[in-house]
Amino acid sequence: MFGLIPFSRKNSGVSRKDDFFGLDRFFNDFFRDPFFSRFSPFASPIRADVKENDREYIVEAEMPGVRKEDITIEISDDVLTLGVDTKNEVNEESEGYIYRERSSGSFKRSFHIQNIKHDEVKASYKDGILTIVLPKDEKAKGAKRISID
């Protein structure tokens, strides 16, 4: 079984009469923007699709611009956790620069999983998409870290 709990506001398409000049909608849209997702405790910058067939679960997670070396995948106590820890710094040795960027951050996304074969889990990363294949099993097992091909 694969558990996934999406968080979103109920009835987001319904307008309210007491909405003061559309401010509720403005702030809701503002914090749904991907830039501000790191400030929301309910949002994750990792967007994922989960598929199931008779033999396995397949998780496809969008991670554009992330290096494979910065991704971690762990399974522990029936929880699959995807993590990213990045630090990018542009070091240009020219004086008089007008604009310089540094970015760093870490984020995680977890899924409740049961009854998978921990030793047969496979992961690959291509074109910004992390794909994890979790073969089904009758009973759950201990923790294991998965390497990415």
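The values are calculated or read from the model by the stated rules, or taken from the named source; none is laboratory data. The structure displayed is predicted, hence computed values, not measured ones. Cβ coordinates were reconstructed from backbone atoms using ideal geometry, including for glycine residues, and neighbour counts include every protein chain displayed.
Below, the figures for the structure above:
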quantity: Cβ pairs under 9 Å, 6+ apart, first in region 109-122 and under 20 Å from Asp149 (Cβ atoms), second basic (Lys, Arg) and not in a strand (DSSP E or B); calculated: Ile116/Lys141; Lys117/Lys141; His118/Lys141; Asp119/Lys141
quantity: Residue list for region 55-88, restricted to those being touching a residue at least 24 places away in the same chain (Cβ under 8 Å), outside any strand (DSSP E or B) and of a type in the set (Asp, Glu); calculated: Asp77, Asp78
quantity: Residue, modelled with the lowest pLDDT, within region 89-107, restricted to residues that are in a strand (DSSP E or B) and of a type in the set (S, T, N, Q); calculated: Ser103
